[in-house]
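S.K.: Once you've had a glance at the structure underneath, I'll fire off some questions.
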Amino acid sequence: MTRLGLLFLLLLGALPARASSPDEPSALVPPTLAQDAPARLPEGQGLDAPVSVELELTLDEAGEVVEARVIGEPPAALARAALHAAPRLRFHPATSQGHPVAVRVPFTYRFEPPPVEDTRAVLTGRVRAKGSRKPLAGAIIRTHAATVEADAQGLFRLELPPGEHALKITSPGHRLLYLTETLEARQRLEVLYTLEPLAVNPYETVVRADRPRTEVSRVTLHEQELREVPGTMGDPFRVVMLMPGVTTLASGLSYPVVRGVQPAASAFFVDGVRVPFLYHLMLGNAVVYPDLVESLDFQVGVPSARYGSLLGGAVDAHVSRPREEGLHGSAYADLIQAGAFLEVPIPDTGTTVAAAARVSYTGLVITRIINAVNAPSSYTAGDGTVRRESGEPKVYADYWDYQARVEQRVGPGQLRLLALGTSDAVGLTAREPETGDSGGVGLLFHRLDLRGRHPLAGGEAEVGLTLGYDRLGLAYSKGIRQPGSYELTQGSVALRAGYTRELSADLKLELFSHAERREASMLAIGRFRPVGPFDGKDTYSRPGILGTFAGVGTQLTYTPSARWVVVPGLRLDSYHGFGDRTRLAVEPRLAVRHALTESLTLKAGAGLYHQPATVLLPVPAGEMLALERGLQRAAQFSLGAEWRPSNGWEVTAEGYFNPLLRTLEFNFEDVLSNLRRRGLEAEDVERHGHSYGLELMVRRPLGRRWFGWLTYGFNQSKRFERYAKVGPNGEELGMTEGYLPYTFEQAHSVNAALSYRFDFVTLGAVAHFNTGRPETGQFGYRTMREGVDADGEPEWKPVGRGAVDRLPAFFRLDFRASRTLVFDSFLLDVYLDVFNVTARSEVLTRDYGYEGEDGQPVRLKRKDFGIPVILPTLGAKGTF
């Protein structure tokens with residue numbers, strides 16, 4: 001017996017108010033067969049000719065067969081066999097306006113008479129694409145005697161009489177394959193057929209399956225949108241830096257400043273596991289191998305109640321779903337790093353094991369070039385002696401990372417073990433150790449997470465246990481004298497639990513909770529040890545820094561109609577440091593979406609957010625060391641719209657206003673200064689302020705040949721401060737107060753990205769523009785004005801904090817070219833990725849100095865300081 005298939009669809013329910021084309025979101029989408037259930041010919045049933053039994057199936061919203069009815073009057077035994085098999089059929093449900101609906105659908109079973117004498121041979125096999133090895137679902141295998149279609153896994157089965165058979169295998173987008181197979185009587189032959197693609201198109205393999213849009217400001221990127229963007233070196237997380245509402249500390253540094261708050265105020269997650277940072281130091285990639293990331297959610301504003309302890313945005317990477325069969329992997333190498341990824345499914349046990357690792361060798365290439373450029377040179381002095389300049393210190397930068405994942409099916413549930421870690425070391429080494437400056441910073445973290453999911457009471461429950469270890473090390477010495485080191489370490493144990501259930505067709509409930517215990521220690525040696533009385537040793541140690549962080553929350557997704565989505569949420573978090581009182585934070589959240597038309601959606605959101613004090617970049621134990629100062633507090637309000645003018649285009653506009661009710665924003669100098677003074681004389685860094693702005697994005701998601709986007713961000717971020725008034729000659733005129741621009745405020749930023757696949761090569765470019773940040777003096781010099789001293793000599797005069805200039809605007813162009821070569825069992829991508837192909841320097845600070853030889857008038861000299869960060873990455877990646 002073979003299935004004849006679906007004939008046509010009869011959809012239940014009212015027709016839409018107006019006709020809609022199949023491309024519109026409101027079109028009715030028919031169900032598709034997900035799992036066949038053949039009907040067996042009853043024993044003893046004789047047939048002289050094929051007999052068809054027609055059924056009418058009723059499918060519910062989940063695609064399950066809830067009723068089967070025989071149409072016509074077929075033989076009773078065959079009707080019973082068909083009715084017995086029908087409930088085991090599984091369908092992908094039909095949808096109307098994006099929502100599953102119940103339908104009635106005809107279905108036909110065809111019963112064939114058994115052969116009088118079965119001498120047929122059986123030809124089974126698989127059809128897959130050459131190079132990528134992806135199964136070609138729907139491939140057609142034809143012979144003069146029979147025709148069959150490959151299933152979703154590319155598998156097929158043919159029963160053929162003995163003899164020689166000419167086969168023709170076809171699949172859209174692939175070259176025809178002709179071959180001959182010779183079969184003997186009752187032979188079973190298993191084959192593998194590979195079809196060569198007509199054109200290698202990495203964009204055709206992307207399946208878009210976004211979650212329902214409930215957050216106000218979420219941008220979801222998939223597959224090649226994450227790995228084919230120029231200037232990112234194929235790294236998914238660096239794409240975040242090109243999103244609206246995001247600025248950066250400096251060009252090339254992947255530490256996002258989201259809507260005018262410190263990078264440390266944003267939270268980073270890898271499949272539900274929070275990590276302290278996502279990027280290697282300096283210009284390194286993210287800490288997760290690209291092929292392990294399937295999609296990336298970036299909530300730039302008003303993050304949902306799932307996320308706590310943040311004032312900025314949330315970056316959530318979703319680990320790729322495990323493949324159920326076949327060995328898969330990739331490996332690559334370029335001028336900066338090399339890495340490999342391997343995934344091994346074990347179908348017999350329902351287990352999938354995946355592992356990835358990378359290591360940089362910047363010390364062999366990049367830093368050697370930098371050190372050669374900055375090498376000391378010799379010159380002849382006026383007295384005829386040859387002298388040697390000291391030269392700049394040598395630079396070193398190295399990193400590595402690893403990830404491992406084990407997925408195990410347990411009945412209807414699933415267990416997952418995820419391990420990941422990273423290490424960075426960046427610094428300077430004196431060329432003359434006796435007198436030169438040397439120093440560096442090292443960062444390291446490890447995470448081990450065990451998660452279980454299981455159906456429970458009509459929903460799904462999740463529990464997780466995470467073990468973590470973090471370390472930050474600083475070292476500095478001036479020659480052989482006054483060495484010093486500073487080390488922070490932190491260990492953590494975290495428990496989390498969640499529950500999700502569809503209470504009704506229009507109401508979904510989410511519950512989540514977490515509890516984390518952290519223990520940290522601090523060690524300061526030499527020049528970094530605290531001043532003041534101590535026990536005579538050169539070491540200051542502070543072990544046993546303890547903290548407990550816990551929270552519970554809930555979120556409802558209410559869909560009163562097809563056009564409205566209302567998502568209220570509430571969090572309650574507690575923060576307790578050793579020797580300090582417990583601090584509570586209550587955080588209501590609300591997001592509302594309204595589909596004004598089928599193409600235009602309005603959205604709004606509001607929420608309250610808390611976070612312990614932040615250092616510019618996340619450091620171990622940073623939240624606990626300053627917990628006695630209390631919590632930062634901010635509100636976020638957002639209003640915007642999403643417009644889809646046609647299929648394949650998205651336009652979003654959003655305005656926001658975030659009152660920063662209380663901020664505690666440290667920089668590294670504050671941390672070291674507090675350490676030296678044991679916090680007794682620490683400057684009060686408490687401020688308040690606000691940020692507001694406008695974000696625009698025009699996006700063309702992945703299509704057959706290209707994708708791209710254009711973003712514009714306008715941001716104003718202010719802090720209310722008390723500062724000294726300065727007169728026209730640099731004299732102090734007392735104190736005043738008012739709102740001043742935040743140190744990293746960039747009023748305007750523009751990003752344009754485009755990637756297009758030609759027949760033989762894929763080309764892409766990214767253009768970035770931003771206006772300079774204020775020259776406040778917090779990182780570098782403050783603005784100076786030309787003036788004269790009491791003797792009439794030229795002199796730089798300081799200006800007040802409220803009158804500083806902005807650093808120059810910056811423009812950068814990135815470029816990427818790649819070519820994919822197809823081999824029998826793997827693909828080879830060769831690529832050239834150039835960050836800052838225009839070789840432009842971003843001004844980071846200015847040096848206000850003097851020049852003039854002895855006996856000559858002194859002249860004022862202002863010098864812009866910036867390094868043209870250029871990263872040419874030439875590499876190759878093989879995927880199988």
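Here, each number is a calculation from the coordinates, and none is a lab measurement. Note that the coordinates shown come from a computational prediction; the quantities given were computed from them, not determined experimentally. Heads up, the Cβs are rebuilt from the backbone with ideal geometry, glycines too, and the neighbour counts pull from every protein chain shown.
S.K.: Can you give the local net charge around E842? Use residues other than it whose beta-carbon is closer than 11 angstrom to its beta-carbon, Lys and Arg +1, Asp and Glu -1.
M.R.: Net local charge, E842 excluded: +2.
S.K.: Quick one: length gained pulling A152 to L733 fully straight, 0.36 nm per residue minus the C-alpha distance?
M.R.: 201.4 nm
S.K.: K134: which lysines have alpha carbons under 26 Å from its alpha carbon, excluding same-chain residues fewer than 8 sequence positions away?
M.R.: K168, K877
S.K.: Quick check: pseudo-label points 7 Å beyond the Cα along Cα→Cβ at L596 and I140, how many nm apart are they?
M.R.: 4.7
S.K.: Report the gain in length on full extension from R175 to Q716: 0.36 nm times residue separation, minus Cα-Cα distance, nm rounded to one decimal.
M.R.: Between R175 and Q716, full extension yields 189.2 nm more.
S.K.: Given R₀ = 35 Å, what would the calculated FRET efficiency be for S52 paired with Q187, taking r from the Cβ atoms and rounding to 0.05?
M.R.: 0.70
S.K.: Same structure again: What FRET efficiency, computed as 1/(1 + (r/R0)^6) with R0 = 45 Å and r the Cβ-Cβ distance, is obtained for A653 and T351, rounded to the nearest 0.05?
M.R.: Here the calculated transfer efficiency is 0.45.
S.K.: In what order do E462, E628 fall by count of nearby beta-carbon atoms within 10 Å, going from fewest to most?
M.R.: E628, E462
S.K.: To continue, here is another question. Pulled fully out, how much extra length does the chain show between A497 and E159, if you take 0.36 nm times their separation in residues and subtract their Cα-Cα distance?
M.R.: Between A497 and E159, full extension yields 116.5 nm more.
S.K.: Defining a contact as two alpha carbons under 8 Å apart and six or more residues distant in sequence, what relative contact order in percent does segment 328-879 show?
M.R.: After rounding, I find 7 percent.
S.K.: Here is a further query. Taking the Cα-to-Cβ direction at R840 and at T119 and moving 7 Å from each Cα, how far apart do the two end points lie in nm?
M.R.: Rounded to a tenth, the inter-label distance reads 7.9 nm.
S.K.: For segment 794-880, run through the GluC sites (Glu not before Pro) and keep only the ones in DSSP coil with at most 12 other Cβ atoms within 10 Å of their Cβ.
M.R.: Qualifying residues, ordered by number: E853.
S.K.: Give me, ordered by chain and number, the residues 5 or more places off L503 or on other chains with an amide H under 5 Å from its own placed amide H.
M.R.: Residues meeting the criterion, in which the H sits 1.01 Å from N, are K508, L509.
S.K.: Still on this structure, please answer the following. In which sequence would V191, V319 go, from the one with the fewest C-beta neighbours within 10 Å to the one with the most?
M.R.: With the sparsest Cβ surroundings first, the list reads V191, V319.
S.K.: Simple spin-label model, 7 Å along Cα-to-Cβ: V463 to R40 in nm?
M.R.: In this crude spin-label approximation the distance works out to 4.1 nm.
S.K.: Still on this model: What's the FRET efficiency of L507 with V750 using the Cβ-Cβ distance as r and R₀ = 35 Å, to the nearest 0.05?
M.R.: Step by step, r from the Cβ atoms, then E = 0.25.
S.K.: Mind checking which lysines have their C-alpha under 17 Å from K478, skipping anything on the same chain fewer than 8 residues away?
M.R.: Cα-Cα hits under 17 Å: K394.
S.K.: Under 17 Å between alpha carbons, and skipping anything fewer than 8 positions from K725 in its own chain: which lysines qualify?
M.R.: Filter leaves K797.
S.K.: All other residues with a Cβ under 14 Å from the Cβ of A333 taken together, and with Lys, Arg as +1 and Asp, Glu as -1, what is their net charge?
M.R.: -1
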